[in-house]
Amino acid sequence: MFKSRSSRRAAVATTYVAIVVTASTVLVAPAGAREQAARIQGARTGALVQRQTARSQGQSTTTRSMQGDLGRGATTTRNTTAADGVASVDSTTTLNNGQKIDKQGSLVDNGDGSASYDASRTGARGTASAAGTIAKTENGVTRTGTVTGAAGKSVTTSAATVRADDGVSRTQSVTNAQGQTVARQSDYSYAQGEGVSRSSTTTGPNGQSTSSSANVHVNPDGGVTRDSSITNAQGQQATRSATTTLDGNTLTNSATVTGPNGEQKTNERWISVYPAATK
C-alpha cells in the first residue's frame with residue numbers, strides 16, 4: 001500500500017490543528033475544578049487513569065495521568081488560554097522513563113472568516129512544526145499550510161471540506177520539496193438505518209491509487225459494527241469486519257480480517273472500566 005512520509009506529515013499537521021482548536025472549545029465550560037479517575041483492565045494488564053481539570057474565565061489547566069501495572073505510564077499537563085481572538089495551548093508529557101514531549105500551539109482569529117494556526121512538537125528526535133490558515137467557505141472550510149519535520153524537511157498541505165445535505169466530501173493533498181504530490185479524495189454519507197459510510201481514493205506521485213471504504217452502523221442489540229476494505233494499486237483487496245459490544249463495564253471487540261487470498265484471522269479483545277478513587 002502507498003503511504004509516504006508526506007502523508008504521515010499531513011496527519012501530524014491535522015493533529016496539531018485539532019490540538020489548537022481544542023483550546024477554543026474547552027474554555028466555554030463553566031469555571032471550577034473537576035477530578036476523575038478510572039481503573040482500566042484488559043486481558044493481560046491494566047492501568048489507572050486520573051484526570052484533574054481547573055477552569056476559570058479564559059483559561060484551563062488539565063493534568064492527566066495513566067499508570068500501567070507493568071511500570072509504563074505518562075503524565076500530561078496542558079494549559080489553554082483564550083482572549084481577544086487568540087487561543088493558545090501548551091502541554092508537556094513526561095513518560096515514566098523521564099523522556100518529555102512538549103507541544104505548543106496558537107489559533108488567531110483574522111477577523112475575515114479565517115484563522116491562522118501555528119504549532120510545534122518537541123520530542124526525543126527534535127522539533128516538528130506546522131503553520132497555516134483555516135478559512136470558512138459558503139458550504140465548508142479550507143485549510144492550507146506547511147509542515148516541517150525534525151530533520152528540517154518541509155511539505156505543503158491543503159484540504160477542502162464541502163458539506164451537502166446528504167454528506168461531506170473532503171479533498172486533501174501533500175506536496176514535498178521535490179514537487180511530488182499525494183492526493184486523497186474522501187466522501188462521507190449517512191442514511192437512516194444504514195449508518196455512516198466513507199469511500200476514499202489516495203493517489204501517489206506515480207499515479208498509482210489505492211482505495212478504501214468503510215461503513216459503521218448500530219445493531220439492534222446496541223452493538224456497533226464497522227465493515228471496511230482496502231484495495232491496492234494491483235487490485236488486491238483486504239477486508240475487516242469488527243463488532244463492538246458493551247456489557248456492563250466491559251467493552252468487547254471481535255474482528256475478522258480477510259486477506260487478498262481469502263485467508264482469515266479473527267481476534268477478540270476486551271477491556272473493563274471501573275470508577276476509582278481520586279487522590
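Given labels modelled 7 Å from the Cα in the Cβ direction, how far is it in nm from Ile101 to Thr76?
It works out to 0.7 nm between the two label points.
Using helices alone, what [θ] at 222 nm do you get for the chain, with -39,500 (n - 2.57) per DSSP H run of 4 or more residues, divided over all residues and rounded to the nearest 500?
Working: 1 runs with 22 residues, N = 279.
Per the formula, -3000 deg cm²/dmol.
Just grab the label-to-label distance for Gln237 and Ala277, each label 7 Å out from Cα along the Cβ direction, in nm (one decimal).
5.6 nm
Using a basic spin-label model with each label point 7 Å from the Cα along Cα→Cβ, how many nm lie between Ala135 and Val196?
Here the answer is 2.8 nm between the modelled labels.
Using per-residue counts of other Cβ atoms within 10 Å, averaged over each peptide, order 204-210, 94-100, 260-266 from highest down.
Values: 204-210: 13.9, 94-100: 11.3, 260-266: 9.1.
Ranking, from highest mean packing down: 204-210, 94-100, 260-266.
Counting C-alpha atoms alone, how compact is the stretch 5-275: give Rg to one decimal and Dmax as a whole number, in angstrom.
21.2, 58
Quick one: compute a quarter of the convex hull surface over the Cα atoms of the stretch 94-136 and quote it in nm².
Quarter of the Cα hull surface area: 3.5 nm².
Taking 8 Å as the Cα distance limit and 6 or more residues as the minimum spacing, I'd like the relative contact order of the chain as a percentage. Provide the component values of the computation, followed by the final result.
Values: 664 pairs, mean separation 33.4, N = 279.
In percent, rounded to a whole number, it is 12.
Among 149-158, 192-201, how do they line up from the highest to the lowest mean number of other beta-carbon atoms within 10 Å? Numbers along the way, then the final one.
Details: 149-158: 16.6, 192-201: 13.5.
Packing proxy ranking, top to bottom: 149-158, 192-201.
Taking θ = phi - 60°, what integer Hz values does the Karplus form 6.51 cos²θ - 1.76 cosθ + 1.60 yield along the stretch 156-166, in sequence order, with x for Gly and Pro?
Computed from phi, the couplings for the stretch 156-166 are 9, 10, 8, 8, 9, 10, 10, 9, 9, 4, 9 Hz.
Each reported figure results from applying straightforward, stated rules to the coordinates on display, with no laboratory input. From a predicted model like this one, the values you see are computed outputs, not experimental measurements. Cβ sites come from the backbone with ideal geometry, for glycine too, and all protein chains shown count toward neighbours.
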